[in-house]
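The values are calculated or read from the model by the stated rules, or taken from the named source; none is laboratory data. The structure presented is a predicted model; accordingly, all values stated were derived computationally and were not measured. Here the Cβ is made from the backbone with ideal geometry for all residues, glycine too, and neighbour counts use every protein chain on show.
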Amino acid sequence: MDGSNIKPLEERIGRMHLKLRLGIEGPPQRVFGGGLNFLHLENSPYVYQLLKLGLKISGLYGRGNRNARDLKVVRNQFYFDNLPSSFDGVTLLHLSDLHLDMDPQASEQMIEAIADLDYDVCVLTGDYRASTSGPIDQLFPMMERLAGVLTAPVYAVLGNHDSIRMVSVMESLGIRMLLNESVCLQRNEQQLSIAGIDDAHYYRVDNLEKAAEDIPKGSFSILLSHTPEIYRQATHAGFRVMFCGHTHGGQICLPGGVPIILEAHCPRTLGRGSWSYGGMQGYTSRGVGTSILPVRFNCPPEITLHRLSLIETKSEFS
């Protein structure tokens, strides 16, 4: 597979968007400055070595690695008063922060777990590889394995670990990338729109106005974003639901799941699980994979199934 075919993207997403993405991707990624946050630990080659050494000396590395493979299937239900009735009960599989090449064994475990799940739509909210720059080809064999078990339409956005050069290969595998774009799902003459924005955390190439421009007026709309950090803008833009990830739920947390560091510029209440802001409901996935180190503490990885329901048809989701 070859991820070098980016020329068709210029006409699709615009010359400036493509130039910005390629320009920022080119140099080594910055540890200090850039993006919404000042500090980007995932871009440092030394943080990995120091943290791994510290955990091995303390005897916690093995335990953290086992925790990172303790994958949970989480079921979450949203209720609405204006969901189109044809979409009442629709189930979405939500995968985030896969980092497929960080721990191949954990990725295989995730693929096996997905094969047994029932859902109507799959959404991916970014960060498919472990590194933040450099070659991308090592990602594609595992991505092909994942695409082979997904049994429903798949819509995805890019994260801060991802390259715009991944798009052509991922779409050749049947994964529809939303780069400040939207799609409209139809059921019995009713509509539900899914929009997706490019990374807002580091690359800052998100454009909500462009992502929403083809959404019919009054349509029930869902937003896919890698990060929860644009929650205010998404609410004001009229989205009813927002799916995101990026935070890993903290990945390394104190007992009770309290993050030591939450790598996102947003309230901690938006750092994991379900939340609401204004008239919008949201969900921030703890993610499937890990960043910097393949370890987790008090914050297990998750695959999430979301069911959308009308308030008057409440039922148990199990």
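Observations, loosely collected:
- Which numbered condition Q281 misses (of (1) within 22 Å of V73 (Cβ to Cβ); (2) more than 18 Å from the chain's Cα centre (by Cα)): (2)
- Selection status of T290, in a helix (DSSP H, G or I) and either farther than 25 Å from R129 by Cα or within 19 Å of the chain's Cα centre (by Cα) (or both): no
- Test: residue in the stretch 155-162 that is modelled with pLDDT of 95 or more and surrounded by fewer than 20 Cβ atoms within 10 Å (Cβ to Cβ): no
- Residue count for the stretch 190-220 satisfying the condition of being touching a Lys or Arg at 6+ places or on another chain (Cβ under 7 Å) and either in a strand (DSSP E or B) or at positive phi (or both): 1.
- Tallying residues that are farther than 20 Å from G126 by Cα and among the acidic types (D, E) within the stretch 70-111 yields 3.
- Going through (1) touching a helix residue (DSSP H, G or I) at 6+ places or on another chain (Cβ under 7 Å); (2) farther than 15 Å from I222 by Cα one by one, Y202 falls short only on (1).
- Selected residue (criterion: nearest to the chain's Cα centre (by Cα)) from residues of the stretch 87-112 that are within 26 Å of I311 (Cα to Cα) and not in a loop (DSSP other than H, G, I, E, B): L95
- Within the stretch 113-146, restricting attention to residues that are charged (D, E, K, R) and either touching a Gly at 6+ places or on another chain (Cβ under 8 Å) or not in a helix (DSSP H, G or I) (or both), the residue that is farthest from F317 (Cα to Cα) is D137.
- Here the stretch 275-286 is the region considered, the condition is being touching a Cys at 6+ places or on another chain (Cβ under 9 Å) and part of a loop (DSSP other than H, G, I, E, B), and the residue that is surrounded by the fewest Cβ atoms within 10 Å (Cβ to Cβ) is R286.
- Residues of the stretch 149-161 that are closer than 15 Å to I175 by Cβ and either part of a loop (DSSP other than H, G, I, E, B) or free of Cβ contacts under 8 Å to residues at least 12 places away in the same chain (or both): L150, T151, A152, P153, V157, L158, G159.
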